[in-house]
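Reviewing the structure listed below.
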Amino acid sequence: MKNAPQTRPFGVAPRAIASRQPEEKHTYLRVGDRVFHKNHRSWGGGVVIETQASGLPGGFCFVRILFQDGRQRVFDNSYDSASCCCYTGITLLNRAEL
């Protein structure tokens, strides 16, 4: 029985694992922020209309932006991701304090 796989870290009580708070997501944009895309200036400016963040560890975090050309586009909104919208050309113009 000594070689059986452990189901929890050694020395940590089960209640301590269950009581851990989910990690806070490092997000770039919030609802109401005004942005533009450096590589697609023909889209015009945009406004963040929706954000979604997964409650699961390692889950996705998205942002939906309505641009002046009338189309809604969805981007990755997590700083922890290599494909975050701040690295792909989305630039924050000003932050709306709601």
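The values are calculated or read from the model by the stated rules, or taken from the named source; none is laboratory data. None of the values given here were measured: they were computed from a predicted structure. All Cβ positions, even for glycine, are placed from backbone atoms using ideal geometry, and neighbour counts span all protein chains on display.
For the subset of region 1-45 comprising residues that are modelled with pLDDT under 90, charged (D, E, K, R) and in a loop (DSSP other than H, G, I, E, B), which member is farthest from Arg95 (Cα to Cα)?
The extreme case among them is Lys2.
If you take the residues of region 89-98 that are part of a loop (DSSP other than H, G, I, E, B) and surrounded by 12 or more Cβ atoms within 10 Å (Cβ to Cβ), which of them is modelled with the lowest pLDDT?
Filtering region 89-98 for residues that are part of a loop (DSSP other than H, G, I, E, B) and surrounded by 12 or more Cβ atoms within 10 Å (Cβ to Cβ), the one modelled with the lowest pLDDT comes out as Arg95.
Report, by residue number, each residue of region 46-88 that is farther than 18 Å from His26 by Cα and either basic (Lys, Arg) or at pLDDT below 95 (or both).
Those that are farther than 18 Å from His26 by Cα and either basic (Lys, Arg) or at pLDDT below 95 (or both): Arg71, Arg73.
Can you pull out the residues in region 60-88 that are closer than 23 Å to Ser42 by Cβ and either in a loop (DSSP other than H, G, I, E, B) or among the acidic types (Asp, Glu) (or both)?
Within region 60-88, Gln68, Asp69, Gly70, Arg71, Asp76, Asn77, Ser83 qualify.
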